[in-house]
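Right, one structure below, let's go through it.
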Amino acid sequence: MRWDEALCLPMSTLAGDKPVHKTMLVSQGGLTTTEQKLLKQFSRLGLYATVSRQNARIAAVQSDDHDIASVIYLRCELVRAAGFGELAGVLHKVFPNPVVLLFEEPGGKVGVSVSLKRKSLAERGAVVVERIETARLFDPTERAYADYLADIRHAALPQSDLLAYVSALCDRTAKAAAIASIGQYPRCKDADTSQLMALLAHLRDSQSEINVLRLQYRDKEATLAESSRLRIALKKKEREHDKLATEIKELCNG
């Protein structure tokens with residue numbers, strides 16, 4: 001994947017794809033044994049770019065809630081496609097900066113995951129993950145995802161400060177996560193943006209619940225009565241999911 005062509009980040013921000021070693025991730029992130037096992041899912045992690053006031057003329061943010069001096073882009077070469085969402089959560093946890101993860105899998109598909117960090121309320125000087133948005137692995141030549149990639153090009157993002165920059169990356173990645181359900185990259189009138197984001201959040205939660213129900217339904221140890229109950233619950237949740245997808249399409253096309 002030619003991320004340089006897709007994202008068009010300023011040359012001054014590029015970091016040469018310097019390798020980020022797993023030993024550093026383990027020590028800096030204080031990873032558990034289970035989390036360390038997830039690191040086997042990638043063959044290489046590289047520092048692709050760093051966006052800051054110094055190299056991109058986007059103001060840093062220091063407030064009661066946020067301390068953002070830079071945003072880092074990491075390129076991650078996956079060993080396989082399955083389970084990269086859990087890996088994304090671990091990688092976001094390691095770094096104090098907001099992170100944009102650029103995933104590549106052997107078959108040519110790519111994925112993007114973006115995190116926003118905030119100051120910890122419990123520990124002075126620490127930061128915690130405030131928000132993570134992840135776009136599933138996709139074919140970058142597919143029209144809907146090409147629209148998404150165009151929407152996260154550097155020049156298309158807000159340049160007022162780094163909080164606005166990362167928040168836009170999160171919002172647009174949340175929209176991309178809905179493409180599989182609605183068949184298009186959702187766009188709407190500015191006045192409808194809050195409603196759209198709320199619907200997208202409900203859609204994401206609905207999909208998570210469906211995924212859990214499907215795993216439970218496929219459990220070979222489930223009794224006949226349990227399987228029947230889970231099948232009914234799954235069908236109900238899928239109808240709710242389809243209704244949400246229809247509402248989103250109507251809002252975008254209305």
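The values are calculated or read from the model by the stated rules, or taken from the named source; none is laboratory data. Since the structure is predicted, the reported quantities are computational estimates derived from the model, not experimental observations. Using ideal geometry, Cβ is built from the backbone for each residue, glycine included, and neighbour counts are taken over all protein chains shown.
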| said: Would you confirm, using the coordinates I've provided, whether Asp4 is over 26 Å from Glu130 (Cβ atoms), loosely packed, with under 13 Cβ neighbours inside 10 Å and out of contact with any helix residue (DSSP H, G or I) (no Cβ under 7 Å at 6 or more places or on another chain)? | reply: yes
| request: Would you be able to tell me the number of residues in the range 27-52 that are touching a helix residue (DSSP H, G or I) at 6+ places or on another chain (Cβ under 8 Å) and either within 16 Å of Leu74 (Cα to Cα) or not hydrophobic (A, V, I, L, M, F, W, C) (or both)? | output: 13
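So which helices (runs of 4 or more DSSP H) stay within the range 161-254 end to end and still have 1 or more residues that are in contact with a strand residue (DSSP E or B) (Cβ under 7 Å, 6 or more places away or on another chain) and more than 20 Å from Gly111 (Cβ to Cβ)?
Counting at least 1 such residues, we get 162-176.
Yes/no matrix, rows are residues, columns are (1) more than 20 Å from Ile58 (Cβ to Cβ); (2) surrounded by fewer than 20 Cβ atoms within 10 Å (Cβ to Cβ):
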position	(1), (2)
Val114	no, no
Val127	no, yes
Ala144	yes, yes
Asp147	yes, yes
Lys175	yes, no
Ala180	yes, yes
Arg187	yes, yes
| request: Go through the range 76-96 and give me each residue that's buried (at least 22 other Cβ atoms within 10 Å of the Cβ), within 22 Å of Ala168 (Cα to Cα), of a type outside the set (Gly, Ala, Ser) and touching a residue at least 40 places away in the same chain (Cβ under 8 Å). | output: Leu91, His92
| task | Would you mention how many residues in the range 19-50 are over 22 Å from Arg80 (Cα atoms) and in contact (Cβ under 8 Å) with a residue 12 or more places away in the chain? | result | 4
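A quick yes/no check of all residues on (1) loosely packed, with under 13 Cβ neighbours inside 10 Å; (2) farther than 20 Å from Lys119 by Cα; (3) of a type outside the set (A, V, I, L, M); (4) in the same structural domain as Ala126 (by TED's automatic domain parsing):
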site	(1), (2), (3), (4)
Thr13	no, yes, yes, yes
Asp17	no, yes, yes, yes
Leu25	no, yes, no, yes
Leu39	no, yes, no, yes
Arg44	no, yes, yes, yes
Ser52	no, no, yes, yes
Ala59	no, no, no, yes
Asp64	yes, no, yes, yes
